[in-house]
Each structure stands twice: as structure tokens, then as C-alpha cells.
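This report refers to the structure that appears directly beneath it.
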Amino acid sequence: MTTPNGTFDPFDPAGMLKGMRDSNMDAWAKMMVQLVNTDAYSESTAAMLDAWLTTSGPFRKVMETSMAQVMAQINLPTRDDVVRIAERLTNIEIRLDDMEAKLDELHRPAHPGETKE
């Protein structure tokens, strides 16, 4: 559509199409920015999200129940099983850290220049 020096080139149909595409994309982008910045758009999006979350709750519950049954039948741990093991391991790690701190305190000399054998 335009040459490097900025003049119109009537023998470049691809350049003309590119220019039309660019101006069309700019118009759409401006329109969409104006649309999504309105209160009506945010309220309608919030209403749709709320409706979707409300209707998907029972479906999610059914899926969780059926997955737990399947996992039990094929002898694989469920999410709750893994969470319980992680909690136990965390408690064991905390206790080991406490024991290590107590042992370090017992082996530390009472006075800085003193050595304990």
C-alpha cells in the first residue's frame, strides 16, 4: 500500500490488504477495550461465573466420589491418602528438627571458651 518513503503504491495489492487488516484489527482492539472496561461487562461476567460455579458444584462432588471409588478398586491412593501421608511426614520432620536442636544444645559448651568432651 505504501512504499518505504510513505507514498501510496497502487500496484501492491498485498500491501493494500495488509493495511486494511491492520486498520480493522486496530478498530476491533479499541472496541474490545471499551467493551471490557464497562461495569455491565464485569457484572455479566461475574453473573455467568457465579452460575457456572453453582451448577458445577454437584457435578464435581459426583466426580470426586466416583474417582475415590475407582482408586480404591484399583488399589491406588486417593488425594486424601496422599495428604494424610504428607501431614504425617511433616510432623515427623518437625519432631526430628526439634530433637536435633535439643541435641545441639546439649553438646554446646556452657561457656564460649570451654570445650565439652
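A few comments on the model shown:
- For the stretch 36-50, 3J(HN,Hα) per residue [Karplus equation, 6.51 cos²θ - 1.76 cosθ + 1.60, θ = phi - 60°, Hz, x = Gly/Pro]: 6, 8, 9, 5, 4, 5, 5, 5, 5, 5, 5, 5, 5, 5, 4
- Our coupling estimate for the stretch 58-70, obtained by passing each phi through the Karplus curve with A = 6.51, B = -1.76, C = 1.60 and θ = phi - 60°, is x, 4, 5, 4, 5, 5, 4, 5, 5, 5, 4, 5, 5 Hz, Gly and Pro reported as x.
- Phi angles of the stretch 20-33 translate, via the Karplus equation with coefficients 6.51, -1.76, 1.60 and θ = phi - 60°, into HN-Hα couplings of 5, 4, 4, 5, 5, 5, 5, 5, 5, 4, 5, 5, 5, 4 Hz per residue; Gly and Pro are given as x.
- Taking the longest Cα principal axis of the chain as reference, the axis of helix 79-107 is set at about 50 degrees.
- Proximity of backbone amide H atoms, modeled 1.01 Å from N, is registered between Thr78 and no other residue at under 5 Å, excluding neighbours fewer than 5 places apart on the same chain.
- Reachable aspartates and glutamates, given that their alpha-carbon falls under 20 Å from the alpha-carbon of Lys30 and they are not under 8 places away in the same chain: Asp22, Asp39
- Partner aspartates and glutamates whose Cα lies under 20 Å from the Cα of Lys18, excluding those fewer than 8 positions away in the same chain, are identified as Asp9, Asp26.
- Mean separation of Cα contacts under 8 Å (6+ apart) over length of the chain, as relative contact order %: 8 percent
- Share of pairwise Cα separations in the chain, more than 22 Å, in percent: 75 percent
Each value in this text was obtained by applying a stated rule to the coordinates, not by laboratory testing. A quick note: this is a predicted structure, and the numbers were derived from the prediction, not measured.
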